Amino acid sequence: MREIKHIDKEGILNRFKAVPFDTHKGIQGHALIIGGSYGKIGAAVLSTKSCIKSGCGLVTAFIPKCGYHILQLANPEVMVYTDDVDKRISNINLGLHPDAVGLGPGLGVSTQTQKAVLKFLRKNHYPMVIDADGLNILARNPEGLKYLTPKTIVTPHLKELKRLIGDWQSDEEKLAKTITFSIKYNLIVVMKGAPTLIINGSYVYQNTTGNAALATAGSGDVLTGIITSLLAQSYEPLDAALIGVYLHGLTADLALPEMGTQSFIASDIIDFLGKAFLSLEKE
């Protein structure tokens, strides 16, 4: 039986860094979220908002033109660049150099978008989180996995994981195949579920926060923003993944007494991030 390390509050506190009192936005990290397509701009809204709510100094979104007014109104703190195409991303061309990138929320898998993503991955090697349609594009174009920066964080739910590694017949086989995948491409895999597992090569960590309230649309988009924010703030990729997953789950635990599970939505994760961070900083 493979050893799985449980990540609890004590383990997170050993990795967590308080924000210095004399910091400013220029040294708190600049994150770029690439996502959105017609009908799915909300995913980019959630990711960028959770990113800036997790302590990042600057957050920029790159989205299709159709999402410009939506995102500017929803998140006035976020800077917005748009593609030349209205309903999808066709060419990721930016004149900036972020500290970390979150790729995939609401992105879509059009042929144009697939080509744009592969070109971006081939030419750019930032610390990165890849989720949702970013993963679906890699599943359709596995050569793109070879372009990824070592210790890129991928955050699949089980259907996305299956597209990447193939089917499995048992939980043991699922874990073994995910470990093999992580080692082969030198990736950190956040296997979302109940519980969520974080796989870093042959090392496996199990998160200890969260409940059924997180089973709601947009929850993964919020997680992408949180982890990307931590990466941009110079956390090591494994620490960013572990702390991000822990805080994401903790918001639902903190909200449970007053909201229950049915009424908790992805925006509530963001609303409870402050309390989640405070629970660590008080220590």
Residue 101 fails exactly one of the following numbered conditions: (1) buried (at least 22 other Cβ atoms within 10 Å of the Cβ); (2) over 19 Å from the mean Cα position of the chain (by Cα); (3) not polar (S, T, N, Q). What is the number of that condition?
-> (2)
Across the stretch 267-283, the tally of residues that are part of a loop (DSSP other than H, G, I, E, B) and at pLDDT below 95 stands at 2
Filtering the stretch 127-158 down to residues that are in contact with a strand residue (DSSP E or B) (Cβ under 8 Å, 6 or more places away or on another chain) and charged (D, E, K, R), which residue is farthest from residue 241 (Cα to Cα)?
-> 131
Within the stretch 261-283, of all residues that are among the hydrophobic types (A, V, I, L, M, F, W, C) and out of contact with any Ser or Thr (no Cβ under 9 Å at 6 or more places or on another chain), the one surrounded by the fewest Cβ atoms within 10 Å (Cβ to Cβ) is 278
Scope the stretch 70-92; condition of a type in the set (Asp, Glu) and more than 18 Å from residue 107 (Cα to Cα); matching residues = 77
Scanning the stretch 1-50 for residues that are among the charged types (D, E, K, R), touching a residue at least 24 places away in the same chain (Cβ under 8 Å) and outside any helix (DSSP H, G or I) gives 2, 3, 5, 8, 15, 17, 40
Got a sec? Which strands (runs of 3 or more DSSP E) wholly within the stretch 160-247 have at least 1 residues that are surrounded by fewer than 22 Cβ atoms within 10 Å (Cβ to Cβ) and among the hydroxyl-bearing types (Ser, Thr, Tyr)?
-> 203-207
Quick check: is even one residue across the stretch 65-78 β-branched (Val, Ile, Thr), touching a residue at least 24 places away in the same chain (Cβ under 8 Å), farther than 20 Å from residue 128 by Cβ and in contact with a helix residue (DSSP H, G or I) (Cβ under 8 Å, 6 or more places away or on another chain)?
-> yes
Check residue 117 against each of (1) farther than 22 Å from residue 241 by Cα; (2) surrounded by fewer than 24 Cβ atoms within 10 Å (Cβ to Cβ); (3) not aromatic (Phe, Trp, Tyr) and name the one condition it does not meet.
-> (2)
Residue that is surrounded by the fewest Cβ atoms within 10 Å (Cβ to Cβ), among those in the stretch 16-50 that are at pLDDT 95 or above and out of contact with any strand residue (DSSP E or B) (no Cβ under 9 Å at 6 or more places or on another chain) = 39
Quick one: residue 109 ticks every box in (1) under 21 Å from the mean Cα position of the chain (by Cα); (2) closer than 30 Å to residue 23 by Cβ except a single one, so which number is it?
-> (2)
Residue selected from the stretch 144-159 under the condition in a helix (DSSP H, G or I) and in contact (Cβ under 8 Å) with a residue 12 or more places away in the chain, by the criterion surrounded by the fewest Cβ atoms within 10 Å (Cβ to Cβ) | 146
For the stretch 165-179, does any single residue satisfy the condition of being touching an Asp or Glu at 6+ places or on another chain (Cβ under 7 Å) and over 27 Å from residue 235 (Cα atoms)?
-> no
In the stretch 38-90, how many are of a type in the set (Lys, Arg) and in contact with a Phe, Trp or Tyr (Cβ under 6 Å, 6 or more places away or on another chain)?
-> 1
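The values are calculated or read from the model by the stated rules, or taken from the named source; none is laboratory data. Given the structure is predicted, the values throughout are model-derived calculations rather than measurements. Positions of Cβ are generated from backbone atoms using ideal geometry, with glycine treated the same way; all protein chains shown enter the neighbour counts.
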